[in-house]
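**Q** Here's a structure for you.
The values are calculated or read from the model by the stated rules, or taken from the named source; none is laboratory data. Since the structure is predicted, the reported quantities are computational estimates derived from the model, not experimental observations. Note that we place each Cβ from the backbone using ideal geometry, even for glycine, and neighbour counts take in every protein chain shown. Surface accessibility is based on the protein's heavy atoms, side chains included, excluding ligands, DNA and RNA. Shrake-Rupley method; radii C 1.70, N 1.55, O 1.52, S 1.80 Å.
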Amino acid sequence: DKANYRHFMAKEIHEQPEVVGHTLARYIDMASERVMLPVKLPFDFKDIQRISITACGTASYAGYVAKYWFERLARIPVELDVASEFRYREAPLRKGDLAIFISQSGETADTLAALRYAKAEGVHTLSVVNVPTSTIARESETVLQTLAGPEIGVASTKAFTCQLMVLASLAVAAGKARGELSDEDETKLVHGLVEIPRLMAAALTLEPQIEKLARDISKSKDVLYLGRGTSYPLALEGALKLKEISYIHAEGYAAGELKHGPIALIDETMPVVVIAPYDRVFEKTVSNMQEVAARGGNIILMTDAKGAAEATVDSLVTIVLPDMASAFTPMVYAVPVQLLAYHTAVVMGTDVDQPRNLAKSVTVE
Ligand code: F6R
């Protein structure tokens, strides 16, 4: 049931600190501060030359974030595909490499077909699924479950952040196995992960500000989302979430791609949501923001206190998230991104939990 919430989506957004915490507890041993996978992997990360990650929609954006993590923490090249492309592209896979599939339902037709293709190619298959009895779970060599609980709202929220938690843990495990991370590195990263539920809860307290902002957004015809690094896939997710439930056209772009085309769209009528935690690419994103401001664009900046102090642009609205020491910002920044889409849809009066033309589980191609 919806508890005291108006929609399942609202309930599921608010449940995230709890369910991400449950997922964390399944993958991290709190006492030793080590990543501890609940299953034994049938391969050694040292032998993996390349990972391919395949999924659809929001799950593919979780995969896109994970690509950055695997490459950075474990130095494993990652190829990311949406399942509908992967399955027909007949991508050459090297026997013994690893293919990861991400799916909330575990029943998505394209993702399942991609899994079957990968199995036939002789690679190790690992799926990150929320429904352990699902077809994708049953047919995968290894299953890592997200403990999001049932997700009823058609727009995926808590499954996404739980997928990120599993993938972050797996990337740390991979970095450790390959000797890219020391014990000390691992402890530091685990501390970063353990903080996430608390930081997500802090992000939820921004809801009144976001609700107000949603009234402005609801008047727009188009919204642009920008991000760099792991905030780039989150920009894609923000745009998807907004369009699927509010029916406002939105696009996500890598901030650095702005000048290669989309900057032509900038005027005072199109809000630009910039996702920019104070991280190693922050300065670069700020310079893209200046380009937007110089063309009269209205900026909504999602950052932290440090970023808010350093951003030298007059932004329309700044949403200040808690400071974070780790590289795992997407789990926390997902919260304002989801809330913005949710409240915009509520203002628009759309059917938030059952948006038109969409199904929760896409079991046909
Ligand atoms: C977006 C959304 C979809 C799903 C996609 C994959 O909010 O819900 O994009 O993420 O259809 O579904 P699963 O994860 O069940 O494979």
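**Q** For residues that are part of a helix (DSSP H, G or I) and open to solvent by 10 Å² or more (accessible area, probe 1.4 Å), scanning just the stretch 147-177, find the one that is nearest to the ligand (Cβ to nearest atom).
**A** Once the filter is applied, the top-ranked residue is ALA173.
**Q** Further question: Would you check if ALA99 is more than 13 Å from the ligand (Cβ to nearest atom) and either among the hydrophobic types (A, V, I, L, M, F, W, C) or open to solvent by less than 30 Å² (accessible area, probe 1.4 Å) (or both)?
**A** Yes, satisfied.
**Q** Regarding ASP323, is this residue within 20 Å of the chain's Cα centre (by Cα) and farther than 23 Å from VAL19 by Cβ?
**A** yes
**Q** Considering only residues that are surrounded by fewer than 21 Cβ atoms within 10 Å (Cβ to Cβ), part of a helix (DSSP H, G or I) and within 16 Å of the ligand (Cβ to nearest atom), which ones fall in the stretch 202-252?
**A** Selection gives LYS243 alone.
**Q** Look through the stretch 116-132, keep the residues that are within 11 Å of the ligand (Cβ to nearest atom) and crowded, with 24+ Cβ neighbours inside 10 Å, and return whichever of them is farthest from LYS67 (Cα to Cα).
**A** ASN130
**Q** Does the stretch 106-131 hold any residues that are assigned to a helix (DSSP H, G or I) and either more than 14 Å from GLU365 (Cα to Cα) or touching a residue at least 40 places away in the same chain (Cβ under 8 Å) (or both), and which are they?
**A** Passing the criteria: ALA109, ASP110, THR111, ALA113, ALA114, LEU115, ARG116, TYR117, ALA118, LYS119, ALA120.
**Q** So, in the stretch 343-360, of the ones that are under 23 Å from the mean Cα position of the chain (by Cα) and aliphatic (A, V, I, L, M), which residue ends up surrounded by the most Cβ atoms within 10 Å (Cβ to Cβ)?
**A** Out of the qualifying residues, it is ALA345.
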